[in-house]
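The values are calculated or read from the model by the stated rules, or taken from the named source; none is laboratory data. As the structure is a prediction and not an experimental result, all values here were calculated from the model. Note that we place each Cβ from the backbone using ideal geometry, even for glycine, and neighbour counts take in every protein chain shown. Note: areas computed on protein heavy atoms with side chains; ligands, DNA, RNA excluded. Shrake-Rupley method; radii C 1.70, N 1.55, O 1.52, S 1.80 Å.
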Amino acid sequence: MIILGIETSCDETAVALVSDKTTDTARSGQGNRPCVLAHRVFTQLEEHEAFGGVVPEVAARAHLQVLTPLLKQTLKDAKLTLADIDGVAVTCGPGLIGGVMVGVMMGKSIAAVHNKPFLAINHLAGHALVPRLSDNLSFPYLLLLVSGGHTQIVVVKSVLDFEVLGSTQDDAVGECFDKCAKMMGLPYPGGANVEKAALTGNEKRFQLPRPLKGRTKDGMACQFSFSGLKSAVRREIEKLGDDFSPQDTCDLSACLQSAVSDTLCDRLKNALKHCEEGSQAVTALVVSGGVAANVFLRDNIRALAHEFELPFVAPPLNLCTDNGVMIAWVGVEKMQCGSVDGLDFKPRPRWPLNELSVNGL
Ligand code: KG4
Ligand code: ZN
């Protein structure tokens, strides 16, 4: 089975072709594992750089321009035509609705013209399930999803069953990195530049808050809040005023990164205890999403996994950030469950993971 995946929900236009089986097992050495036949990602960096963040209207127009050539190129890479595919998997939300609609219209058109099954994919399910493709994970596993738009702790129980233990009350962690980076004058996108600056910074210099750290009651044990941390960074910048130096940027970046890491690990620890107490033995601790690129964070989360005697899994970076492979992969998993959607499926700007079983996947 070969599934075409299309992703256009934010600032990456991505297309992929994923097969449920390797055809050439001898050469790939993968046995009967699923495999990526081809994938391409176009990142809209230049389009949004001048604005210091993603502009929805600009993103939608760029998807429109890029998607058709990207699709043609991906098919060419895999030496396939649309007649060869067995289904079209498309991100139908959550995300910036203008961009989502570009992908959905393309996917529905292909499905209609070539008479292929249409698979409506939740973007978060893509991030949540792709470790099963990259690392052959079995259910249930505990996932920390950290990206520019989302911060969630999820028990991934099956292709259709996600228990969201906590999410952010305000900003996502990647958004916090990006906004703080902008305030410090670091170029867009901020997260990676904060990490770079932090390498030569003193993480003890500024006292930044660890929002919600220590809170375990009233359903707050696995929740996040990052707006207070962002405000604290702003206050430090204001205090330094015109004297704000490159070394200040490095020190503040190191302190920010350390505060984020402490916060994420504290919340994750509560989640791991919750799983233990509920005798819900998870198979691994997984981190995914663009922020999972951060090596400092990864190291601390890996240490936490070891503390709880769990394998630590982080998909390769190109599968952590937005990509078409994860969407095609959920398409494969959905086809295997016999869960196909109608061409009347409406794109959803908001689509929480725990609403999947009701409204498709
Ligand atoms: O998953 P992703 O590519 O797109 C969304 O779905 O949001 O994540 C992008 C986010 C951005 O906020 C970016 O600043 C952040 O991931 N990011 C990082 C790093 N690399 C990317 N944050 C911290 N450290 C990094 N090395
Ligand atoms: Zn994403």
inquiry  = Taking all protein chains in place and a 1.4 Å probe, what share, in percent, of the accessible surface of region 1-110 do carbon and sulfur account for?
reply    = 57 percent
ask   = Is the shape of region 233-334 rounded, prolate or oblate, going by the alpha carbon gyration tensor and its root eigenvalues a ≥ b ≥ c, with a/c under 1.5 for rounded and a/b larger than b/c for prolate?
value = oblate
ask   = Tell me, what % of the accessible area of region 255-294 is carbon and sulfur with a 1.4 angstrom probe?
value = 46 percent
request  = Report the calculated FRET efficiency for K182 and T68 (r = Cβ-Cβ distance, R0 = 35 Å), to the nearest 0.05.
outcome  = 0.60
remark   = The simple spin-label model distance between V295 and K157, using points 7 Å out along Cα→Cβ, in nm, is 3.9 nm
inquiry  = Rounded, prolate or oblate for region 58-150? Axes are the square roots of the Cα gyration tensor eigenvalues, ordered a ≥ b ≥ c, and the cut-off for rounded is a/c under 1.5.
reply    = oblate
inquiry  = Can you give me the accessible area per residue for region 65-173, using a 1.4 Å probe, in Å²?
reply    = 34 Å²
request  = Pull out the extension gain between L317 and E57, defined as 0.36 nm times the separation in residues minus the alpha carbon to alpha carbon distance; nm, one decimal.
outcome  = 90.9 nm
query = Over region 104-234, what is the mean sequence separation of C-alpha contacts under 8 Å (at least six apart), divided by residue count, expressed as relative contact order in percent?
reply = 18 percent
inquiry  = If R₀ is 22 angstrom, what is the calculated FRET efficiency for the pair K196 and S245, using the beta carbon separation as r and rounding to 0.05?
reply    = 0.85
message = Just the number: Rg to Rh for the chain, Cα atoms, Kirkwood Rh, two decimals.
response = 0.98
ask   = Looking at L17, N294, G99, which one has the Cα that reaches farthest to the positive end of the dipole of the chain (charges on Cβ: Lys, Arg +1; Asp, Glu -1)?
value = L17
task = Note down the nm distance, to one decimal, between modelled labels 7 Å out along Cα→Cβ at E47 and at M105.
result = 1.4 nm
request  = Determine which residues of region 195-222 fall in the zone a paramagnetic label at F308 would reach in this model, i.e. backbone nitrogen under 14 Å from the point 7 Å along Cα→Cβ.
outcome  = 221-222
query = For region 138-294, with only Lys/Arg (+1) and Asp/Glu (-1) charged at the beta-carbon, what is the dipole magnitude about the Cα centre, in debye rounded to 20?
reply = 200 debye
remark   = Expected sort for 162-171, 64-73 on mean C-beta neighbours within 10 Å, highest first, is 162-171, 64-73
request  = Just subtract the alpha-carbon distance of D86 and K21 from 0.36 nm times their residue separation and send over the number in nm, one decimal.
outcome  = 22.1 nm
ask   = Counting alpha carbon pairs within less than 8 Å and at least 6 residues apart, what relative contact order, in whole percent, applies to the chain?
value = 24 percent
query = For the cross-link pairs K196/K273; K230/K269; K76/K157, which exceed 28 Å when the distance is taken from alpha carbon to alpha carbon?
reply = K196/K273; K76/K157
query = Per the helix-only calculation at 222 nm, which mean residue ellipticity applies to the chain, given -39500 (n - 2.57) for every DSSP H run of n ≥ 4 and division by its residues, nearest 500 deg cm²/dmol?
reply = -14000 deg cm²/dmol
key: For region 279-287, 3J(HN,Hα) per residue [Karplus equation, 6.51 cos²θ - 1.76 cosθ + 1.60, θ = phi - 60°, Hz, x = Gly/Pro]   = 6, 9, 6, 7, 8, 6, 9, 10, 10
